[in-house]
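Written out below as structure tokens is the structure these notes cover.
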Amino acid sequence: MTKIEWVTTGMFTAASITVLACWGQAAMGRSKAFRSMEVFAWLPQKVPGSTVTPMRARLSDIARQAEVSEATVSRVLNDRPGVSADTRQAVLTALDVLGYERPERLRKRSAGLVGLVVPELENPIFPAFAQTIESALSQSGFTPVLCTQTPGGVTEDEYVEMLLDRQVSGIVFVSGLHADTTADHDRYRRLVDRPLPIVLINGYADGLDAPFISCDDRLAGELAVNHLVALGHERIGFVSGPHRFLNVQRKLEGYRTAMRRELGVRDKELDDLVALTLFGVEGGEVAAGQLIARGATAIVCGSDLMALGAIRAARRRGLSVPRDISVVGFDDSPLIAFTDPPLTTLRQPVAAMGNAAIRQLVDEINGHGAPRSEYVFSPELVVRGSTAINKAGRTTPKPGRTTDTATPDPEPAKRPAGNPAHDAEPGRRPTESATHDTESARHPTENPVHDLDPATRPVENAAYDAEPSGRTTESAGRGTESVASFIA
């Protein structure tokens, strides 16, 4: 007999395995077959629908699957040194693939639970934060517990009580009540006094001894205005959520600062260009409609969803984005690059902010006092297809107009001499397009794409140039609209 393969039924006791081991050692010495039995007697393979755990295992099976030697497999299973991290992971993955349970000593144990409280999941920016934070927690050995709020559902305070009952090691709050300047922030002070490590993202509460992670909303407002001013816009509106939220106040402050600095607009004029409403597509549509009626040629929005609402408001008034109205969002949520038109927006550094928050939290949990102040991350302007040059001196077209009205030809008596197109008899004049081409040549600073006839524009969306009754993307009777409806 040159090879022995041990097969167990999962019913052996420790004593019986010891007997088998002694018999195998006496009969064969410490042969490869005996080592296989010695290792795999403790690696049961589960059989669905059965309480018995039969096991048939050999080092060669695992080695073949992991593409390593049997000696390497043995070192990994016995948690011995001399194996690289990648090789060790390959062996453990092979165990999982073949259906064997890992030895107890090799099972990764969670360092504890960490709560993650977000206001909603409908806005794509919050799932992006959740994914980044959960990944960072897992890499640090913690198990995330996601708590999502819904209107009329479980509140933030109720979620906190549930997490405390489960003895979490810490809590991360994203755009929670700490961002509401009218809310009672003592709820967070009570957590700090327990003491329970917490980190608060996108919001700030003065006097709260905890680390804050924020995007620079003031800078975001300034960058948006600077971009639109560079495109020739002067009537630039601002749309965002309720004024009680700190991020809204900061964006508005940056917007006002840039408008005064770049255009010299007075505060009274700025008040007419600001519309605060509810967050979301519907709120953005209502507020943008008010600004369009006041002659705005560009709109800065407090979120990407509100920017989509602004685009909807423009379309329903027969206007084109970006030819008639330019729109800038905030967040750079997933899929925003694929909307129609692709949205120009301010990108929040979600990955950097989420990872920084978890580093702060883990340091707090491990007893390394993290600096408790506000860490501010700069946004990035991402220019896409929802902003364009504003023609000098042009105001917002009246609802129903999608193109500029051509200036009528001057009276024959006032036409300049020497122009054959004007001097010729009406029946002998060249085609009107030649006259238009001549007129265009006298305005080299005009945007050639905008001066073209809608039917000949190479980059415009035909759905925008069509009459409102001919569009297929609008639904007058629709009360709500998801982000997917803006995807090209």
Quiz item: Looking at the stretch 248-259, is at least one residue closer than 26 Å to THR339 by Cα and surrounded by 24 or more Cβ atoms within 10 Å (Cβ to Cβ)?
Solution: yes
Self-check item: Residue check for ASP216: at pLDDT below 95 and assigned by TED's automatic domain parsing to the domain that holds GLY329
Solution: no
Quiz prompt | Residue match in the stretch 124-136 (condition: over 16 Å from ASP363 (Cα atoms) and either aromatic (Phe, Trp, Tyr) or over 16 Å from the mean Cα position of the chain (by Cα) (or both)) | solution = yes
Quiz item: If the Cβ limit is 7 Å and pairs must be 6+ apart or interchain, which residue in the stretch 299-328 that is farther than 20 Å from CYS215 by Cβ pairs with which residue that is in a helix (DSSP H, G or I) and among the hydroxyl-bearing types (Ser, Thr, Tyr)?
Solution: SER320/TYR464
Quiz prompt | Where a residue in the stretch 370-384 is under 16 Å from ALA351 (Cα atoms) and its partner, wherever it lies, is surrounded by fewer than 16 Cβ atoms within 10 Å (Cβ to Cβ), with Cβ under 8 Å and at least six apart | solution = PHE377/ALA352
Quiz item: In the stretch 181-237, what residues are crowded, with 22+ Cβ neighbours inside 10 Å and on the phi > 0 side of the Ramachandran plot?
Solution: ASN202, GLY203
Quiz item: Restricting attention to the stretch 90-129, and to residues there that are modelled with pLDDT of 90 or more and in a strand (DSSP E or B), which single residue is surrounded by the most Cβ atoms within 10 Å (Cβ to Cβ)?
Solution: VAL114
Quiz prompt | Residue check for ARG261: in the same structural domain as ILE125 (by TED's automatic domain parsing), more than 30 Å from LEU177 (Cβ to Cβ) and in contact with a Ser or Thr (Cβ under 9 Å, 6 or more places away or on another chain) | solution = no
Practice problem: Might you check whether a residue that is among the β-branched types (Val, Ile, Thr) and in contact with a helix residue (DSSP H, G or I) (Cβ under 6 Å, 6 or more places away or on another chain) occurs anywhere in the stretch 119-127? | Solution: no
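The values are calculated or read from the model by the stated rules, or taken from the named source; none is laboratory data. Fair warning: this is a prediction, and the values are worked out from it, not measured in the lab. Positions of Cβ are generated from backbone atoms using ideal geometry, with glycine treated the same way; all protein chains shown enter the neighbour counts.
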